[in-house]
Amino acid sequence: MNRAIASVLQGISLLVGIATLTFLLFNIIPGDPARIMLGPNASEESVQLLRTELGTDRPLWEQYKLHLSKLLELNLGRSIIDERVVSGEIADKFTTTLKVGLSGLTIALIISYALNLLVFYVPAASSLLIITRFGVVTPTFFSGVTAALIFGVFLPVVPLSGYGSSESTIFTLALPAFVTGLYPIAVMTGILREKIQEALNSLYVHSAFSLGFSRFHIFHAVILRTVAVSWLAGWVNLLSIVFVATLIVEVIFSIPGVGPLLVKSIQQKDYPMLQGIVIVNACFFISLSWISEALFRILDPRIRQHAET
Amino acid sequence: MNTGQLKGRISLNRTLLSFLILILATTTILLAGCQKKTTEKGENLVFGLENEITTLDPIRNSNIYELQVMGQIYEGLVGLDKNNQLIPLLAESWAVSSDFKTWKFRIRKGVYFHEDPIFGPNLTREVEAEDVRYSFQRILSKQSTSSFALVEVIKGAREYQAGKIQNVSGLRVIAPDTFVIELEQPEPFFINRITSPLFSIFPKEAVDLGADIFGKTKAIGTGPFRLVHKSDVEVILERNPKYWRKTEGNVKQLKFLVIKNDQIRLTELKNNKIAMMAIPLSLASAIVDRGKGTPSSPVLKPPFNESYKAAGFKTFNIHFIGLNCEKMDVHLRRAISLAINRKELTRIVTAGTGTVVPGPIPPGIRGYQTAYQDDIFNLEGAKMELKKSKYDPAKDKIELLVHEKGNSEQIGQLVQDYLSKIGIKVILKRLDFNSVIGMIIKGEATAFSMFIEYVFSSPEPMLNVLFHSSKIPVPNFWRYNNPQMDEGIETLRKIGNRTEANALARKLEKLAVDDAPAVFLYQLNNLVIYRKDISNVAYNGHNIPIFSEIAIK
């Protein structure tokens, strides 16, 4: 109970810290929102009128107080650029980002499982595992464009664009999800491979072989069962990395998610939108850490016992 | 393990491998088969757009892409045709008073807004003078990104923007079909201020839907296309069946598909997912044969020339190096202007898609013939001017601000190189675009690489905003103050004859080039690539495509 309260308090203080830091950073970034909105040709008189309207000409502490009080009311406000409701806009974009990110992670889960299963049956296919390492060494912006060219020019089996459009299908998500999944594929395949090799040297796996169990049964019922916690722990830990990769993938494949919204908000100095994105992301990561902590406790009795003692 | 077991295992491995290969092959075939065939033939046209469309509210326009879509949905009082000739749109006719201060517009009868339930059971209504007044007043509001072009021009607009009065006194409806605009000062060229779709007419009923709807999911105008669907990824328009003007084109559905990455957009053109796109500078050298053709009729490289055509359009933009007149004497500015090899710079920076323009007025404007047909590059002349200046090569350095837009950094590097040949040291300072603008406005910038996309369609307002001393610090970015120029600009307010006005504008252009508050470099042409079955592709000087005239075989 105490642990839960401590976690919540920690989360809240972290959010206040992030809100403050965002505010300060925003004011350090050069550029005047009113000038950006009206453009370089607008007269100083017009720009000053808009500054007053937006409240950006008020003292910094006053602006900070206003933003914090709005935040406490759970009101993220409206975009200063085009008056979109920040919470609605972020919810919409965040859903898209989650879809892409989770699809990437699911692909990673399936591929890492399938590859290890293949290598378990055909050890000669282990060279395939080396190929996956490219996912670790290639940055997402590079692998994204490369994948787009490969699948666009040489192997045009999946569409390169149109996710979120009226022609959007599961296939328009395939390539972005695959690119997002490249890094997790490499990491999770590696983790699973390592754990499987450890298990293969263990006495209980040798016993299973000698008892004449089928390879399929040994892989799933004996090996995977024992290594699943480490494998899934890797999966959960990858969520934050994948989230960042998704933002880049969204920009490359013109997916209307948080990534392009973040870039645009920074360029336009759209403070309410930027703050909203940062706060929602912070909440997401904090909840993620709570969920993974709870999940590990359920999955791994050792952690549970350690916590109890 | 005995031989039988071994054989069995090998057989199992082979079966598993075959099974995996089969799954892989089936998935590939399925994916290929299930992918929607998006070949857009006939009367549907898909245009690949490099930026998302955030809003279709004319007063919140923030980039040319939004304006290009708005130009299909909305119309203003007047516009420009593909030859940049003024055409009447919602104004059937107009007359100006003898003092050039009062403009009376007769609103075209029988023009209806796009059908929508907001208009009640009739689904539409006729455009009236009150709609024009309402739209212009909204354009002059504080939040409007297009107010800059009119706020100091229309009577009462500044007071309205400051919240001192409820209505703009210079906007009046005198009959359901007659609208009057009163100006603060005489402007025989006022009509050329309002040819851009920035000054579009929209119904109050649509705006009253609120900021979450108008411009986001609804955009109602009178243009040749009406909005069907808008998201961050696409905008779908369909032909307005009740459009008042006869058009030649046969495009029934027009879709703008957002594909931000240049390479991916080009690949989607090859895959026939899009039928048309603008050629960005990053792709120009890969697509366009620099050795053949001209910026206005580019020749495509193989294999693009087999399935596609290209066209170039002169739009009202100028790229330049601004020089702060308060920090540099006229001789130093002239030296810089003469030392820059514009022809070479334009060829390198624009990959052959730009036109050298040493003056501030882009070619193609209202019958205007520039005083400069070629580069004014003169190294010896530059050295002589430098000797007359206060610049000391031993200790002086010029800081040139560059940013992420308009190939600014590359231009900066070339300028640095050209000026080093006459002994001027240039230090490049890279900042973000908004910071550069901020420094210019504060007068802190000595030199800066910048570009202008004009919303006007005649030389007079261009000269006025850029060079009149009353426009310091914006848009007279260079803090240029010359009574001779001010007087010439004021004289332009009294000349009703277009030829005479152009002649005086030419003199002022020469003055601007001679005093060199900026080094005008080139005009960037808008290059477009499209499928061979598409014809009648045209853009006007405001960079607005005229999709209503496009024909698809």
_So, B:VAL455, is that one part of a helix (DSSP H, G or I) and under 19 Å from B:ASN317 (Cβ atoms) or not?_
no
*Single condition B:ARG333 does not satisfy, out of (1) in contact with a Cys (Cβ under 9 Å, 6 or more places away or on another chain); (2) closer than 20 Å to B:PRO280 by Cα; (3) not acidic (Asp, Glu)*: (2)
*Would you pick out the residues in the range B:359-412 that are closer than 28 Å to B:HIS542 by Cβ, without any contact (Cβ under 8 Å) to a residue 60 or more places away in the chain and in contact with a Pro (Cβ under 9 Å, 6 or more places away or on another chain)?*
B:ASP374, B:ASP375
*Go through the range B:231-248 residue by residue and tally those that are touching a Ser or Thr at 6+ places or on another chain (Cβ under 6 Å) and crowded, with 21+ Cβ neighbours inside 10 Å.*
2
*Say whether the condition of being touching a Leu at 6+ places or on another chain (Cβ under 9 Å), at pLDDT 95 or above, aromatic (Phe, Trp, Tyr) and within 20 Å of B:SER141 (Cβ to Cβ) is met by at least one residue in the range B:72-92.*
yes
_Filter result (in contact (Cβ under 8 Å) with a residue 24 or more places away in the chain and small (Gly, Ala, Ser)) within the range B:158-210_ = B:ALA175, B:SER196, B:SER200, B:ALA206
*Among the residues of the range B:460-484, which ones are closer than 15 Å to B:ALA516 by Cα and either within 11 Å of chain A (Cβ to nearest Cβ) or surrounded by 21 or more Cβ atoms within 10 Å (Cβ to Cβ) (or both)?*
B:LEU463, B:LEU466, B:PHE467, B:ASN476, B:PHE477, B:TRP478, B:TYR480
*Can you tell me which residue within the range A:141-155, out of those that are surrounded by 22 or more Cβ atoms within 10 Å (Cβ to Cβ) and not hydrophobic (A, V, I, L, M, F, W, C), is nearest to the other protein chains (Cβ to nearest Cβ)?*
A:GLY152
*Of the conditions (1) within 25 Å of A:GLU89 (Cβ to Cβ); (2) facing chain A (nearest Cβ under 9 Å), B:ILE274 clears all except one; give me its number.*
(1)
*Return yes when B:VAL528 is modelled with pLDDT of 95 or more, surrounded by 20 or more Cβ atoms within 10 Å (Cβ to Cβ) and not acidic (Asp, Glu) and no when it is not.*
yes
*Members of the range B:105-132 found to be basic (Lys, Arg), surrounded by fewer than 20 Cβ atoms within 10 Å (Cβ to Cβ) and within 25 Å of B:PHE225 (Cβ to Cβ), listed by number*: B:LYS109, B:ARG125
*Only residues that are assigned to a helix (DSSP H, G or I) and either buried (at least 21 other Cβ atoms within 10 Å of the Cβ) or of a type in the set (S, T, N, Q) (or both): list them for the range B:422-449, please.*
B:ASN434, B:SER435, B:VAL436, B:ILE437, B:ILE440
*Is it the case that B:LEU332 is within 14 Å of chain A (Cβ to nearest Cβ) and either surrounded by 20 or more Cβ atoms within 10 Å (Cβ to Cβ) or in contact (Cβ under 8 Å) with a residue 12 or more places away in the chain (or both)?*
no
_Identity of the residue in the range A:161-176, free of Cβ contacts under 8 Å to residues at least 60 places away in the same chain and of a type in the set (A, V, I, L, M, F, W, C), that ends up nearest to the other protein chains (Cβ to nearest Cβ)_ = A:PHE171
*asked:* Suppose the filter is within 30 Å of B:PHE304 (Cα to Cα) and hydrophobic (A, V, I, L, M, F, W, C); does B:ILE552 pass it?
replied: yes
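For (1) within 14 Å of another protein chain (Cβ to nearest Cβ); (2) under 15 Å from A:CYS283 (Cα atoms), each residue gets a yes or a no:
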{"position": "A:ALA6", "(1), (2)": "no, no"}
{"position": "A:PRO30", "(1), (2)": "yes, no"}
{"position": "A:PRO33", "(1), (2)": "yes, no"}
{"position": "A:LEU38", "(1), (2)": "yes, no"}
{"position": "A:SER46", "(1), (2)": "yes, no"}
{"position": "A:HIS67", "(1), (2)": "no, no"}
{"position": "A:LEU72", "(1), (2)": "no, yes"}
_the range B:235-270: number of residues that are over 24 Å from the mean Cα position of the chain (by Cα), assigned to a loop (DSSP other than H, G, I, E, B) and without any contact (Cβ under 8 Å) to a residue 12 or more places away in the chain_ = 2
*Has the range A:177-199 got any residue that is within 14 Å of another protein chain (Cβ to nearest Cβ), more than 21 Å from the chain's Cα centre (by Cα) and surrounded by 13 or more Cβ atoms within 10 Å (Cβ to Cβ)?*
no
*So, in the range B:458-476, of the ones that are β-branched (Val, Ile, Thr) and part of a loop (DSSP other than H, G, I, E, B), which residue ends up modelled with the lowest pLDDT?*
B:VAL474
*If you take the residues in the range B:217-230 that are surrounded by 18 or more Cβ atoms within 10 Å (Cβ to Cβ) and part of a loop (DSSP other than H, G, I, E, B), which one is nearest to the other protein chains (Cβ to nearest Cβ)?*
B:ALA219
_Give me the residue from the range B:226-261 that is among the acidic types (Asp, Glu) and under 25 Å from B:GLY110 (Cβ atoms) and, out of that set, modelled with the highest pLDDT._
B:GLU238
_Hits in the range B:86-104 - residues which are surrounded by 14 or more Cβ atoms within 10 Å (Cβ to Cβ) and in a loop (DSSP other than H, G, I, E, B)_ = B:LEU89, B:LEU90, B:PHE100, B:LYS101
*Could you count how many residues in the range A:148-200 are at pLDDT 90 or above and in a loop (DSSP other than H, G, I, E, B)?*
0
_Tell me the residue from B:LYS260, B:LYS270, B:LYS246, B:LYS301 that is basic (Lys, Arg) and in contact with a strand residue (DSSP E or B) (Cβ under 8 Å, 6 or more places away or on another chain), please._
B:LYS301
*Filter pass, A:VAL158 being at the interface with chain B (Cβ under 9 Å from one of its Cβ atoms) and in contact (Cβ under 8 Å) with a residue 12 or more places away in the chain*: yes
*Of the residues that make up the range B:57-71, is at least one in a loop (DSSP other than H, G, I, E, B), touching a strand residue (DSSP E or B) at 6+ places or on another chain (Cβ under 7 Å) and closer than 21 Å to B:GLN137 by Cα?*
yes
*So is A:PHE23 touching a His at 6+ places or on another chain (Cβ under 8 Å), closer than 30 Å to B:ILE213 by Cα and more than 9 Å from every other protein chain (Cβ to nearest Cβ) or not?*
yes
*asked:* Of the conditions (1) within 14 Å of another protein chain (Cβ to nearest Cβ); (2) of a type in the set (A, V, I, L, M); (3) crowded, with 20+ Cβ neighbours inside 10 Å; (4) over 30 Å from B:LYS82 (Cβ atoms), B:LEU386 satisfies every one except a single condition; which number is it?
replied: (1)
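The values are calculated or read from the model by the stated rules, or taken from the named source; none is laboratory data. Quick caveat: nothing in here was measured; it's all calculated off a predicted structure. FYI the Cβ positions are ideal-geometry reconstructions off the backbone, even for glycines, and counts take in every protein chain you see.
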